[in-house]
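The values are calculated or read from the model by the stated rules, or taken from the named source; none is laboratory data. Note that the structure is predicted; figures quoted are calculated from it, not measured. FYI the Cβ positions are ideal-geometry reconstructions off the backbone, even for glycines, and counts take in every protein chain you see.
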Amino acid sequence: MYKLVKTLKCNTYNTIYCIITIPTYKSNMKAALCFMISYDHKVNKEELWKKWIEPNNDIINVYFHYKDYDKIQSPWIKEHAIPQQHTTKTSYYHVVQAILSLLSYATKVDKDNQWFCLLTESCVPIISPGKFRQLFFNNYETSIVRCRKAWWNPRFHKRANLRHFSQDFHLGNEPWFILNKEDLKMCFHFIETQRPTFDLICKGGLANESIFAMIFHFYKKLPQMNSNITHLTDWSRMDSATSPHMFKDGDEKDVEFITEQLDEQPFAMFLRKVSPKFPDEILMKFIGTLEVVKDNIVIRDVDVDVDDDVDVVDEYLNQTDNDDDEDEDEEEDEDEDDVEESSGDNDHCLENIDNNYIKNEMDKLTWGMELSFIIHLFKFLGVMILVMSIFLQNQVVLVSDKIE
């Protein structure tokens, strides 16, 4: 029997929640494993994934976003591939729309999904199914996203077009992370109400490494975020200028890195960039037992409906997917339109967000863009003055030579 504990209001959405304890009963909450696959459309450690998921099949859903369905050979991937109409074109530099399309589908197809774990074909689990279950039930109300100041210079790199924004929005986030349902709804709301800003960020390229941190900051969520790493990645031994280390041999350094990082990162659940050749027996030493105890005392939230915002996002993503593809290395137009505030009635607006705060934040964004334009204008004028002074000096020299 369910027991009502208390009723409260969510700070962000003004939604009434019933907190209910469910002794010994299996929760209907689920974690969605959302894979982004491309290239040969395989998962490097498919058999390991299937064995790892099986003990938690009552709380895990699996979804695949792909580029070309005809390239998929695995029956398991085909079984969990999202419908083609929910996929969108993607590339290394422009992946945000594909991520959101995948998350949007996962939200709509099963309302019990509470956690959304972003993964690639080269990711593997690195903890036991039992520990994953424990982390899920203890943290399902929280997103786990490592956010920090941008680690590049926004004035010289067009990533996410940060140079158009005020400095407090010069933020970065780990590209692979876990979102909870409430924060995902917040992202959908941002797209719906701040579309010009969203478009400007995405046009900068590699926007997936900034846009989520910027959205959290926009809604004043950063201080409450669980800013931890969920996907272990070895950037100390990079394979190229843009790619982290590929775990292939399972040598001493590989084992040492995984061991140390699991000790240092309490929310680490997955390992990135694992080759099909990496020894399964090494991974199994870290994963441990595949058995879990499925009786849990948990709390669950009730009446969290995201359909309205998701429909708007689906419509927008389908619209953008029909537009002409942008070249990955295309130079951005320096005369981007200023970010405009969304106007008009909005039935899906989050009722208790401080409108003055949103106006102030949008003013910051606009001021950041105007300041960037002014700086570029002064730079241009400076160059013109320098060119003119050199030209005049040459003319004086020529006149002097003629007089002599």
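Assess whether ASP254 counts as being part of a loop (DSSP other than H, G, I, E, B), among the charged types (D, E, K, R) and either buried (at least 19 other Cβ atoms within 10 Å of the Cβ) or at pLDDT below 95 (or both). No; evaluated as a whole, the condition is false for this residue.
Mind listing just one residue for me: the one in the stretch 155-180 that is touching a helix residue (DSSP H, G or I) at 6+ places or on another chain (Cβ under 6 Å) and assigned to a helix (DSSP H, G or I) and, of those, farthest from CYS123 (Cα to Cα)?
It comes out as HIS164.
If a residue has to be farther than 24 Å from ASN138 by Cβ and either touching a Leu at 6+ places or on another chain (Cβ under 9 Å) or without any contact (Cβ under 8 Å) to a residue 60 or more places away in the chain (or both) to count, how many in the stretch 266-277 make the cut? Qualifying residue count, the stretch 266-277: 2.
Residues of the stretch 118-136 that are in a strand (DSSP E or B) and either without any contact (Cβ under 8 Å) to a residue 24 or more places away in the chain or buried (at least 19 other Cβ atoms within 10 Å of the Cβ) (or both): LEU118, LEU119, VAL124, PRO125. Within the stretch 75-104, the set of residues being closer than 22 Å to ILE126 by Cβ and either not assigned by TED's automatic domain parsing to the domain that holds PRO129 or not hydrophobic (A, V, I, L, M, F, W, C) (or both) comprises just one member, HIS80.
Among the residues making up the stretch 176-190, a single one is over 17 Å from CYS147 (Cβ atoms) and in contact with a strand residue (DSSP E or B) (Cβ under 8 Å, 6 or more places away or on another chain): LYS181.
Residue by residue, here is whether (1) touching a His at 6+ places or on another chain (Cβ under 8 Å); (2) within 19 Å of LEU271 (Cβ to Cβ); (3) without any contact (Cβ under 8 Å) to a residue 60 or more places away in the chain; (4) in the same structural domain as GLN114 (by TED's automatic domain parsing) holds:
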{"position": "LYS185", "(1), (2), (3), (4)": "no, no, no, yes"}
{"position": "ILE191", "(1), (2), (3), (4)": "no, no, no, yes"}
{"position": "GLY205", "(1), (2), (3), (4)": "yes, no, no, yes"}
{"position": "ALA213", "(1), (2), (3), (4)": "no, no, no, yes"}
{"position": "LEU222", "(1), (2), (3), (4)": "no, no, no, yes"}
{"position": "LEU232", "(1), (2), (3), (4)": "no, yes, no, yes"}
{"position": "LYS248", "(1), (2), (3), (4)": "no, yes, yes, yes"}
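Of everything in the stretch 170-183, what is under 15 Å from TYR219 (Cβ atoms) and free of Cβ contacts under 8 Å to residues at least 60 places away in the same chain? Give them in sequence order. Answer for the stretch 170-183, where residues must be under 15 Å from TYR219 (Cβ atoms) and free of Cβ contacts under 8 Å to residues at least 60 places away in the same chain: LEU171, ASN173, ASP183.
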